[in-house]
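Below is one structure, written out as C-alpha cells; the observations come after it.
Where a number appears in this text, it was derived from the coordinates with a stated rule and is not lab data. Nothing here was measured: the structure is a model prediction, and the numbers come from that model. Methodologically, a virtual Cβ is constructed for each residue, glycine included, from the backbone with ideal geometry; neighbour enumeration extends over all protein chains shown.
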Amino acid sequence: MSLLYTYSGLQEQSIQGLWADPAGGDLYFNLLGSDYPSSVPHMLTLGPPVTDSVYLPMERDTGKYSAVAFQMTGFSRNGAFASYFKQMLFAEQDTATTQGQQVDAAFRNASSGSETSVADYVPGTSQVGEVSGMEFSRIADATYYYSMVAAGDSANSLTLNFYKGTTRGSPALAGLNVTVPVDQQQYTTLVWHLVPVH
C-alpha cells in the first residue's frame, strides 16, 4: 500500500466515501461540513502528482434556492453516469406546505452533464418517503437501484421498498422489500448493495 494523497486542514469537516471512475480512473470523495447542506464531491486526478479539484461545486443564492449541495454515491459500471443526492434549501419557505428543503436522488451523464432526477423527498420528522442507497448496478451498465421508506411503519421499525430503473426509462418497484427494527433517535440513511442470486 502506498500513500496517494493527503487532504489537510480539516476543521469541522469530514470525508465520506471513495469511488473510482471506471472510465477515467479518477477517484472521488465527499467533503462534508458542519452545516446542512454542505456536501461537496471532490475529484482526485491521479498523477504524478495527484491533484484535487471540486467535481460538483455547491451552488449558493440561485434565486429559487439559497443552497444546493451534492452527495455522490457512485458511478455506473462503464463510467457513463454518476449518481448522487442533490440537497436543496429553498430561498423562501412554502408556508402552505412548510417545505423549506428537498432532496433528489439523481444521476448525470458524465459527458454531457445532463441531470435526471428519479425520486425526491422532503426531510422531516417522519421518515416515510425518504430515499436511500441510490447507486448503479455493478453488473448492468445502465441499471440503478434505490430504496424508499414505505408508509405504515410502526414506531420501532421501517419498511423499505426497493426500486429499479434504467437511464433510458422510469424506475419501478423491484419486487423486494424489507422491514428493519430501528431506534428512532438513532435513525441514519441506509445504503444497500444489491447483487443477483444465482
Counting other beta carbons within 10 Å of each Cβ, put LYS164, LYS86 in order, fewest first. LYS164, LYS86
Could you tell me the distance between the Cα centroids of the range 1-58 and the range 115-140, to the nearest Å? 22
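Compute the orientation-averaged projected area for the range 98-182 from the convex hull of its Cα atoms and round it to one decimal in nm². Display every interim value, and only then the final one.
On the way: hull surface 27.4 nm².
With every direction weighted equally, the projected area is 6.9 nm².
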Per residue of the range 29-40, what does 6.51 cos²θ - 1.76 cosθ + 1.60 with θ = phi - 60° give for ³J(HN,Hα)? Whole Hz please, x for Gly and Pro, Karplus curve as stated. 8, 9, 9, 9, x, 8, 9, 10, x, 9, 6, 10
Nitroxide proxy distance, nm - points 7 Å out along Cα→Cβ at THR116 and ASN156: 4.2
Let me see the P(r) profile for the chain: every Cα-Cα distance counted, bins of 5 Å, each bin given as a percent of all pairs. 1, 7, 14, 18, 18, 18, 13, 7, 3, 1, 0, 0
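Expressed in nm to one decimal, what extension gain is obtained for the pair ALA174 and TYR7 from 0.36 nm per residue of sequence separation less their Cα-Cα distance?
Working: separation 167, 0.36 × 167 = 60.12 nm, distance 3.93 nm.
Stretched fully, the ALA174-TYR7 segment lengthens by 56.2 nm.
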Just to be sure I understand the curve: with the Debye formula and one point per C-alpha of the range 1-51, what is log10 I(q)/I(0) at q = 0.13, 0.16, 0.17 Å⁻¹? -0.35, -0.52, -0.58
Which whole-Hz couplings ³J(HN,Hα) result when phi for each residue of the range 10-17 is put into the Karplus expression 6.51 cos²θ - 1.76 cosθ + 1.60, θ = phi - 60°, listed in order with x for Gly and Pro? 5, 9, 6, 9, 8, 10, 10, x
